[in-house]
Structure formats: structure tokens, C-alpha cells
């Protein structure tokens, strides 16, 4: 693995207590289920302007604060929940990001009604190139620019690039059959 570029996430994550498990077991692998996809979307949104390490360290706090990322529960959050989240030191306390999580959960419920699930909506619009994904996400969700959308899609297996080709995790991701490989 010494041939990995030193500045690659694959190199940086190696042996790290937070990055390592995420890199080796989650990053780039297909994600099933709306709550799991919603978790990844919320985490990517909250990473904006911060380090991914900060988000990984706060992940348990996010799970607790956002009811294990239950789309139905978060979509029903009210002003009391907003105040609770804004005062929770276990997460990123940013009003815009909190509002985006709630609005995006509500939007996912709409996608369920029209497409069966968030996952089915993603499958139905796949494949798209990154710029088309970004335009679609900007129209569909809140707080989803190019970087957030790209990382969300790469981390969940809809876009390539999560791992350097020489990274051992790249073979495991390929064996798991990410969506981007269907159109490659």
C-alpha cells in the first residue's frame, strides 16, 4: 500500500481510529435504505466548512440527536426539536444545516410517495454525470452544492472515485457492486 499517493484519503485513513473504519467499511460501498442514505446526506451537509474527522467524531451524537436518522421522525420535527438541536453540543449547531436536515427528510417522504423510496429515486435517475447530479440535488434538496452532492454520491456508490485504484478497499467496493460500475 506504500504506492498510494500520500495526499489521498486512502493513505491518510490507513490505521486511523476514525477515518480507518469508515474508509475500509463504508466509504464508496453501496448504501441501502432511506435512513442510511439520509444519515450520509446529513453528515455530508454538516461537514461543509469542517473536517470529516470532526463529523466522524460526532457521528454518535448525530445519531442520538436525529433519532437514528429516522426519516419519518426528523420530517416531523417542530420548533422544540429545532431548539433542542441548536443546543446539542454533540452535533454541529448550525441553524441552516439543522433546517436542511428537517426539510430534506420531508423531501425524502415526498420522494417515497412518488418513487417508492429515496433509494428508488436515486436508482431511477441514475446514471448521471456529476454536474447533472448536482443540478438535480440543488433542485431537490437544501444545502447541497457540488462538493456535498459529489461526496454524498461517491460515498454511497453512485459516483466513482472513493478509492485510489491501488487501495485494497477499492476491490472490496467493486465486489459490492456500486451503482457507478453498472454504467461504466
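The values are calculated or read from the model by the stated rules, or taken from the named source; none is laboratory data. Note that the structure is predicted; figures quoted are calculated from it, not measured. We place every Cβ from the backbone using ideal geometry, glycine too, and count neighbours over all the protein chains shown.
Worth a mention:
- Filter pass, residue 89 being surrounded by fewer than 20 Cβ atoms within 10 Å (Cβ to Cβ), under 16 Å from residue 40 (Cα atoms) and at pLDDT 95 or above: no
- In region 127-159, the residues that are surrounded by 20 or more Cβ atoms within 10 Å (Cβ to Cβ) and in a loop (DSSP other than H, G, I, E, B): 143, 144, 156, 157, 158, 159
- Look at region 98-113: where a residue is free of Cβ contacts under 8 Å to residues at least 24 places away in the same chain and on the phi > 0 side of the Ramachandran plot, no partner that is crowded, with 17+ Cβ neighbours inside 10 Å and in a helix (DSSP H, G or I) sits 6+ places away or on another chain with Cβ atoms under 9 Å.
- Meets criteria (more than 30 Å from residue 164 (Cβ to Cβ) and without any contact (Cβ under 8 Å) to a residue 12 or more places away in the chain) for residue 79: yes
- Flag if residue 11 is surrounded by 15 or more Cβ atoms within 10 Å (Cβ to Cβ) and under 15 Å from the mean Cα position of the chain (by Cα): no
- Considering only residues in region 162-179 that are assigned to a loop (DSSP other than H, G, I, E, B), within 18 Å of residue 11 (Cβ to Cβ) and in contact (Cβ under 8 Å) with a residue 12 or more places away in the chain, the one that is farthest from the chain's Cα centre (by Cα) turns out to be 166.
- Filtering region 105-126 to residues that are outside any helix (DSSP H, G or I) and either surrounded by 14 or more Cβ atoms within 10 Å (Cβ to Cβ) or in contact with a helix residue (DSSP H, G or I) (Cβ under 7 Å, 6 or more places away or on another chain) (or both) leaves 117, 126.
- Residue among 134, 71 that is within 19 Å of residue 47 (Cβ to Cβ) and touching a residue at least 12 places away in the same chain (Cβ under 8 Å): 134
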